[in-house]
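A quick write-up on the structure given underneath.
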Amino acid sequence: MQEALQYVFSGITNGAIYAAIAVGFSLLYNSTELINFAHGEFVMLGALILVTLWNIFKLPLPLAFFITVFTVSGMGLLFERLAIRTVSKPHPIVLVIITVGASIFFRGIGMLLWGKDSYSVPSFSDHAPITIFGASLLPQSLWILVIVGISVCALHFFFKKTLTGKAMQACAINKRAARLSGIHSEKMVLLAFFLSTGMGAVAGIIIAPITMCSYNMGTMLGLKGFCAAMLGGLGSLWGSLIGGFLLGIVEALGVGFFSSSLKDAIAFLLLLLILYMRPGGIMRVKEVKRF
Amino acid sequence: MSSKLLRKTASYGIFWIAVAAAGMSIDNSYYLQVLTFIGIHSILALGLNMLMGYAGQISLGHAAFYGLGAYTTAIMTVHYDLSPWLALPCAICLVILVAFIVGLPTLKLSGYYLGMGTLGFGMIVHIIFREWTSVTGGASGYVGIPPLELGAFSFSSSRNYFYLVWCTVLISIVLCQRLIDSRIGRALRSIHDSEHASKAVGVNTRNLKLQVFMLSAALAGVAGFLYAHFVSFISPGTFDFIVSIRIVTMVVIGGMASIWGALLGASLLTLLPEWLHAFSDFEMIVYGLILMLVMIILPQGLTRGILDIYERSHKKYFK
């Protein structure tokens, strides 16, 4: 019982991170129908830039946090303008290959700037772990949950209550109709890239204290986030959240009760199961377009 | 029609002469080795091209079939001491069987969902290679896979193996070309354009997609067999997610729905890392940049893109 609770705690922590990454995938998919295979590398950049700003330049944490998020988002914007928009006749698979190229490119940059070493940062606060029914909950897990919770609520508020957010949703539903009612759809795509890579950076920042950060940490995280987004239903904000937590908890229980070497296999088995039984994801979304 | 046939025969002839000339004139074993790898990758790209380029179904897990072919022959020849020529049909049968079982539910999906389904399958197979230590040798893999022999004739020299691989490539090309030009090929292309429409005119899309998936897996299995007996050492790292993506990239960069495009893409992506060694630390950056630039400038792939440029300049200057 106590063991199971401990696994659930670690599952929720990982799940929150998967959820943050999945939200990034979903945001982008919603407005551009593009899967960004370089998304994991933005997570990596978020973590490594935080390491540099906080640990080496000794900036205060909140300042480092915001500088990191805006730097990575800025890179996302550049990426959209330089690589995605310049393609003349975009076929989805061509865009996928471009993002794969970008992911190799960013990993190369990461290796060049930070080398092949792993870095670690201390927890955001040095409180003692909290004990609940004999299972201990790290304060960093609470930080992760709070930060993910705030970001998702902020995004929800943005989409439901602000004019820009509604305009973005209109673009996601029907680009042409949105354009006819005077919405600048290209600006909305740019904004989607900004928000998506920003979420990636947030995920990277919160994962930094609980893992070893290195230039090649992004690929697997990106795939897991993609997995979570598919589980919940690609394009749905709350679906991504559910998918992320489900993935995290199932993975943690699998690791705890079976074997840690099967960790990644469990995530993908769960994905195949969902794809076969409920292809639209848990929060079933509109029928997806084929290539 | 006959001129088309003539052109096709001529292109096979030129291809065959080029292979023979390369085999006879190149003495450097490193170059022969690189050319052999190009051949193996070409078989992989040809198989995936049938699935992606013609039938319009994506697979991000093709390295799994490549690996299954390699591991089957490795286990049978090293562990059970059987002849490789017995292992080859077993490997192909196993790969086809796995493709059938996986394809049955997966090919109902489409777009990113199909991509993710095949990716998940590839990941799981890779983890099985890595973790099922008693059968697959775990992370350290298999060593000492015997070279191929046919009676007294040995394929252990790199020149003989080069011929063997490129003969297989030629057979695969002829096989794919014949298939594309047949009724099945037209049905496949109709699925690519619209699955509903091809269903409406009576194409059994479910069976056809499954069959082309199995064919493409079988070719990947053959490539795995050739790889295992060439390198004589296999480990799970050769068959991971990155490799699946690289095969897809070969097909897309070369130009989808083009047999020579698959060959071009495979050659380019095999040679590129060899050339980029000179950049050492910048290798990944340059590789990523080239990949992005090619796709931005020639989104139709190299063969189609170059043809377009040729036709445009032809119109401009010869009109």
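Consider A:A154 against the criteria (1) in contact (Cβ under 8 Å) with a residue 60 or more places away in the chain; (2) assigned to a helix (DSSP H, G or I): it satisfies all of them except one. Which criterion is unmet?
Just one mismatch for A:A154, condition (1).
Name the residues in region B:225-260 that are β-branched (V, I, T) and in a helix (DSSP H, G or I), would you? Please lay out each step first, then the result.
Step one: list which residues in region B:225-260 are β-branched (V, I, T), which gives B:231, B:234, B:238, B:242-243, B:245, B:247-249, B:251-253, B:259.
B:V231, B:T238, B:I242, B:V243, B:I245, B:I247, B:V248, B:T249, B:V251, B:V252, B:I253, B:I259 - these are the residues of region B:225-260 that are β-branched (V, I, T) and in a helix (DSSP H, G or I).
Checking A:E251 against (1) crowded, with 20+ Cβ neighbours inside 10 Å; (2) touching an Asp or Glu at 6+ places or on another chain (Cβ under 9 Å); (3) within 12 Å of another protein chain (Cβ to nearest Cβ): exactly one of these is not met. Which one?
(3)
Is it true that A:K166 is of a type in the set (D, E, K, R) and surrounded by 23 or more Cβ atoms within 10 Å (Cβ to Cβ)?
Here the answer is no, as A:K166 does not meet what is asked.
Among the residues of region B:100-113, which ones are more than 8 Å from chain A (Cβ to nearest Cβ) and part of a helix (DSSP H, G or I)?
Residues of region B:100-113 that are more than 8 Å from chain A (Cβ to nearest Cβ), as a first pass: B:100-104, B:107.
Within region B:100-113, B:F100, B:I101, B:V102, B:G103, B:L104 qualify.
Out of A:F258, A:F193, A:F268, which single residue is over 30 Å from A:P62 (Cβ atoms), in contact (Cβ under 8 Å) with a residue 12 or more places away in the chain and aromatic (F, W, Y)? Quick ask: steps written out before the conclusion?
On the way: A:F258 fails: in contact (Cβ under 8 Å) with a residue 12 or more places away in the chain; A:F193 fails: over 30 Å from A:P62 (Cβ atoms).
Residue meeting the stated conditions: A:F268.
For region B:235-256, how many residues are of a type in the set (S, T, Y), within 13 Å of chain A (Cβ to nearest Cβ) and over 26 Å from A:T86 (Cβ atoms)?
The first filter runs over region B:235-256 and keeps only residues of a type in the set (S, T, Y), leaving B:235, B:238, B:244, B:249.
Those still in the list that are within 13 Å of chain A (Cβ to nearest Cβ) too: B:244, B:249.
In the following step, the residues that additionally are over 26 Å from A:T86 (Cβ atoms) were identified as B:244.
Residues that pass the stated criteria total 1.
Taking the conditions exactly as written (farther than 16 Å from A:A192 by Cβ, crowded, with 21+ Cβ neighbours inside 10 Å and acidic (D, E)), does A:E41 satisfy them or not?
Working: farther than 16 Å from A:A192 by Cβ: yes; crowded, with 21+ Cβ neighbours inside 10 Å: yes; acidic (D, E): yes.
It is true that A:E41 is farther than 16 Å from A:A192 by Cβ, crowded, with 21+ Cβ neighbours inside 10 Å and acidic (D, E).
For region B:261-319: of the residues being aromatic (F, W, Y) and under 23 Å from the mean Cα position of the chain (by Cα), which is surrounded by the fewest Cβ atoms within 10 Å (Cβ to Cβ)?
Keep residues of region B:261-319 that are aromatic (F, W, Y), which gives B:275, B:279, B:282, B:287, B:310, B:317-318.
Now drop any that are not under 23 Å from the mean Cα position of the chain (by Cα), which leaves B:275, B:287.
Details: B:W275: 13, B:Y287: 20.
Here the residue is B:W275.
Residues that are of a type in the set (S, T, N, Q) and within 14 Å of another protein chain (Cβ to nearest Cβ): does region A:99-121 have at least one? Full working, then the answer.
Step one: of region A:99-121, the residues of a type in the set (S, T, N, Q) are A:99, A:103, A:118, A:120.
After this cut, where a residue has to be within 14 Å of another protein chain (Cβ to nearest Cβ) as well, the list is A:99, A:103.
Yes - at least one qualifying residue is present in region A:99-121.
Check off (1) assigned to a loop (DSSP other than H, G, I, E, B); (2) in contact with a strand residue (DSSP E or B) (Cβ under 9 Å, 6 or more places away or on another chain) for B:N160 and give me the number that stays unchecked.
(1)
Can you confirm whether region A:49-67 contains a residue that is buried (at least 21 other Cβ atoms within 10 Å of the Cβ) and within 12 Å of chain B (Cβ to nearest Cβ)?
No, there is no match, as no residue in region A:49-67 is buried (at least 21 other Cβ atoms within 10 Å of the Cβ) and within 12 Å of chain B (Cβ to nearest Cβ).
Within region B:221-240, can one find any residue that is in contact with a strand residue (DSSP E or B) (Cβ under 7 Å, 6 or more places away or on another chain) and surrounded by 21 or more Cβ atoms within 10 Å (Cβ to Cβ)? Show your work before the answer.
Going residue by residue through region B:221-240, those that are in contact with a strand residue (DSSP E or B) (Cβ under 7 Å, 6 or more places away or on another chain) are B:228, B:233-234.
So of that shortlist, the ones also surrounded by 21 or more Cβ atoms within 10 Å (Cβ to Cβ) come out as B:228, B:234.
Yes, region B:221-240 contains at least one residue that is in contact with a strand residue (DSSP E or B) (Cβ under 7 Å, 6 or more places away or on another chain) and surrounded by 21 or more Cβ atoms within 10 Å (Cβ to Cβ).
Might you check whether a residue that is buried (at least 18 other Cβ atoms within 10 Å of the Cβ), away from chain B (no Cβ under 11 Å) and either within 22 Å of A:M44 (Cα to Cα) or of a type in the set (V, I, T) (or both) occurs anywhere in region A:79-88?
To start, the set of residues in region A:79-88 that are buried (at least 18 other Cβ atoms within 10 Å of the Cβ) comprises A:79-80, A:83-84.
Now narrow it down to the ones that are away from chain B (no Cβ under 11 Å): A:80.
Restricting the remaining residues to those that are either within 22 Å of A:M44 (Cα to Cα) or of a type in the set (V, I, T) (or both) gives A:80.
Yes - at least one qualifying residue is present in region A:79-88.
Looking at region A:265-280 only, could you name the residues that are at the interface with another protein chain (Cβ under 9 Å from one of its Cβ atoms) and either over 15 Å from B:T118 (Cα atoms) or part of a loop (DSSP other than H, G, I, E, B) (or both)?
The answer is A:P279, A:G280.
Considering only region B:126-138, I want to know if a residue exists there that is within 14 Å of chain A (Cβ to nearest Cβ) and under 19 Å from the mean Cα position of the chain (by Cα). Give the steps one after another, and end with the answer.
Let us first name the residues in region B:126-138 that are within 14 Å of chain A (Cβ to nearest Cβ), namely B:126-134, B:136, B:138.
From what is left, the residues that are under 19 Å from the mean Cα position of the chain (by Cα) are B:126.
Within region B:126-138 (the criterion being within 14 Å of chain A (Cβ to nearest Cβ) and under 19 Å from the mean Cα position of the chain (by Cα)), the answer is yes, since at least one residue qualifies.
Looking only at region B:257-306, which residues are at the interface with chain A (Cβ under 9 Å from one of its Cβ atoms), within 25 Å of B:H192 (Cα to Cα) and touching a His at 6+ places or on another chain (Cβ under 8 Å)?
Result: B:P299, single match.
Just so you know, all these numbers are worked out from the coordinates, no wet-lab data involved. For clarity, every value in this text was computed on a predicted model and none was experimentally measured. Cβ coordinates were reconstructed from backbone atoms using ideal geometry, including for glycine residues, and neighbour counts include every protein chain displayed.
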